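Okay, structure first, notes after.
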Amino acid sequence: MSLPILYSFRRCPYAMRARLALKVSGIDAELREVALRSKPAEMLAVSPKGTVPVLVLPDGKVLEESLDIMRWALAQSDPQGWLAQAEHGAELIALNDGPFKQLLDRYKYADRYPERSAAGWREAAVVLHIAPLEARLQQTRFLLGETISLADMALMPFVRQFAAVDTAWFDGDADGLGTHAPFPAVRVWLQGLVDTGLFAAVMHKLPPWKADDPVTLFLD
């Protein structure tokens, strides 16, 4: 029986969360790492928009959005109950994927958006998203309660990317004096998810896929 084919890019947060859901669900797939500057014709033939992740199912159906891939995988098997509160996390995910992602991109590439400084874009992102997440996580271990949800795993790769733009600032030691982190609960939440074996298992480095390569299985 043929396996699904997952076109992915290791550092893309959308691809990360798709891989996380496939991994926790125990769903194997043929993993094809994509070089974004040289996208394979095989991927573009099934998904002309040219973004990752893309999951091609054995019946030929193509899933082009990371959340669709997550939901499909978890519908097959959801051993940790990520879908249990899915409807309650929908607004969080929409905010993350829309307005926050726009501010995150401007913070990362502030030289392309000179109408604000990097610190200005960062502050806007904090007010919109990071500070409200901190308030939530001051009350509960995870975003929707005491267990991991789809919202946690959908947001984590993007908060991780936000933290990586200026690690000295995010870690609370921008002045070198060991000052306290600005968002301790977010930091604990993020580090706890990053430190799981699940995250490590979906972050292996692979060379870009070529058509004549042997099959790389996702769960190997």
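For the stretch 125-144, the condition holds for no residue, the condition being that it is under 22 Å from residue 12 (Cα atoms), at pLDDT below 95, in a helix (DSSP H, G or I) and not assigned by TED's automatic domain parsing to the domain that holds residue 21. Selection of the stretch 135-152 for residues being over 13 Å from residue 89 (Cα atoms) and buried (at least 18 other Cβ atoms within 10 Å of the Cβ) yields only 137. Tell me the residue from 84, 45, 94, 73 that is surrounded by 13 or more Cβ atoms within 10 Å (Cβ to Cβ) and modelled with pLDDT of 95 or more, please. Sole residue among the options that is surrounded by 13 or more Cβ atoms within 10 Å (Cβ to Cβ) and modelled with pLDDT of 95 or more: 73. Among residues of the stretch 171-195 being assigned to a loop (DSSP other than H, G, I, E, B) and at pLDDT 90 or above, the one that is nearest to the chain's Cα centre (by Cα) is 195.
Of 203, 156, all but one fail to be modelled with pLDDT of 95 or more, under 13 Å from the mean Cα position of the chain (by Cα) and part of a loop (DSSP other than H, G, I, E, B); the exception is 203. The set of residues from the stretch 54-64 being surrounded by 14 or more Cβ atoms within 10 Å (Cβ to Cβ) and either touching a residue at least 40 places away in the same chain (Cβ under 8 Å) or among the hydroxyl-bearing types (Ser, Thr, Tyr) (or both) comprises 54, 55, 56, 57.
For the stretch 153-172, which residues satisfy the criterion of being closer than 27 Å to residue 68 by Cβ and either buried (at least 22 other Cβ atoms within 10 Å of the Cβ) or free of Cβ contacts under 8 Å to residues at least 24 places away in the same chain (or both)? Within the stretch 153-172, 153, 154, 155, 156, 157, 159, 162, 164 qualify.
Taken over the stretch 10-22, the criterion of being buried (at least 19 other Cβ atoms within 10 Å of the Cβ) and over 8 Å from the mean Cα position of the chain (by Cα) is satisfied by 19, 20, 21, 22. Against the test of being touching a Ser or Thr at 6+ places or on another chain (Cβ under 8 Å) and among the hydrophobic types (A, V, I, L, M, F, W, C), the options 45, 41, 18 yield a single qualifying residue, 18.
The values are calculated or read from the model by the stated rules, or taken from the named source; none is laboratory data. This one's a predicted model, so the numbers in the text were calculated from it and none came from an experiment. For neighbour counting, all protein chains shown are included, and Cβ atoms are generated from backbone atoms with ideal geometry for every residue, glycine included.
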